[in-house]
1. Hey, with R₀ at 30 Å, roughly what FRET efficiency would ARG156 and LEU95 work out to, going by the Cβ-Cβ distance, to 0.05?
2. Can you list residues from other chains, or at least 5 along the same chain, whose modelled amide H is less than 5 Å from the amide H of ILE150?
3. What distance in nm separates the two pseudo spin-label positions at GLU42 and SER74, each 7 Å out from Cα along the beta-carbon direction?
4. Using 7 Å Cα-to-Cβ label points, what is the LEU231/THR181 separation (nm, one decimal)?
5. When only DSSP loop residues count, what chymotrypsin sites (Phe, Trp or Tyr not before Pro) in region 24-69 have their Cβ near at most 15 other Cβ atoms within 10 Å?
6. Please compute the modelled spin-label separation between GLU33 and GLU238, points set 7 Å along Cα→Cβ, answer in nm with one decimal.
7. Seen from all sides and averaged, what is the projected area of the convex hull of the Cα atoms in region 185-270, in nm²?
8. Using a simple charge model, +1 on the beta-carbon of Lys and Arg, -1 on the beta-carbon of Asp and Glu, nothing else, what dipole does region 128-200 show about its Cα centre, in debye to the nearest 20?
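Derivation of every value follows stated rules applied to the coordinates shown; laboratory data play no part. None of the values given here were measured: they were computed from a predicted structure. Here the Cβ positions follow ideal geometry from the backbone for every residue, glycine too, while neighbour counts run over all protein chains shown.
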Amino acid sequence: MTGIRSVTLATKSLNQTIQLFHHTLGLNYKKREGTVQFGDAELSPGTRIQFVEVPGGLQSQYRHFASIGLRIPSDEGLENYASILEENDISFSKLEQLNGHTHFHFYDDMNQKFSIFSNEHNTGIGLGMPYEHSSVNPLHQIQGLGPIIIKTNEIRVTFTLLTKVFDFTPLGEYMIDDNNTKVIVLHKDEGGLGSEIHLFEPSSPVQLPNIGIVEQIEFTTKDATQFENALKQLERNELPYQELENKQENTHALRITDTSGMSFILTLDQ
């Protein structure tokens with residue numbers, strides 16, 4: 001998969017998060033020291049959502065993610081997940097439309113917002129593999145990341161970073177907060193819902209947490225030339241970055257951190 005590879009955010013309790021995302025929502029998971037990763041049967045890139053345990057979690061003033069999108073195969077699956085949430089006494093919104101795609105949202109124990117999107121009318125990046133040990137019907141399981149809505153203190157800077165370094169292109173825009181706030185939509189390689197990033201500036205700036213960087217979003221490219229162009233852009237504009245290498249997964253990555261406390265990663269899947 002290309003497009004959005006993974007997202008990382010905070011939780012105050014790994015066990016509570018496992019209860020929600022594994023036992024209730026049916027995702028596969030792998031737990032490590034202080035972290036847990038959820039995804040499809042293979043925990044494939046493009047399906048991964050990761051949580052880092054932080055005492056008390058991250059309060060709202062430190063969060064960049066306004067909403068994390070999760071994709072399921074069909075409209076019928078939305079009814080299935082609505083029933084699951086209802087059975088577990090988890091509140092959720094009514095069905096909504098975003099650019100022709102049906103979805104609804106709910107919140108976790110930290111009041112972090114997640115939106116379940118039907119992939120039925122989507123084109124571009126596909127879904128992952130169903131998890132055979134899931135509590136959810138394999139025809140309806142969450143199998144991919146969807147649109148990610150991000151709060152940024154300097155939307156022009158983040159827009160430039162995503163378009164010039166990470167090779168995103170503008171797709172459109174819409175208004176929220178009673179038409180007082182503009183949201184800019186970008187996507188990558190015409191990947192559809194699995195590559196959409198939505199940006200807006202919040203009325204109150206996101207603050208940098210004392211514990212350091214927790215939240216991050218990772219993108220995938222299989223194009224070595226695109227990766228080298230990103231590296232050249234960073235060096236040409238004298239932007240600080242880190243190079244990361246994972247020999248086990250055979251990946252090479254660039255990480256850039258913004259001033260408000262969020263990391264953007266571009267990973268070359270070799």
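1. 0.35
2. Long-range HN contacts for ILE150: ALA66, HIS198, LEU199, PHE200.
3. So the two model labels end up 2.4 nm from each other.
4. 3.8 nm
5. Hits after loop and neighbour filter: nothing returned.
6. So the two model labels end up 3.9 nm from each other.
7. 7.1 nm²
8. 180 debye
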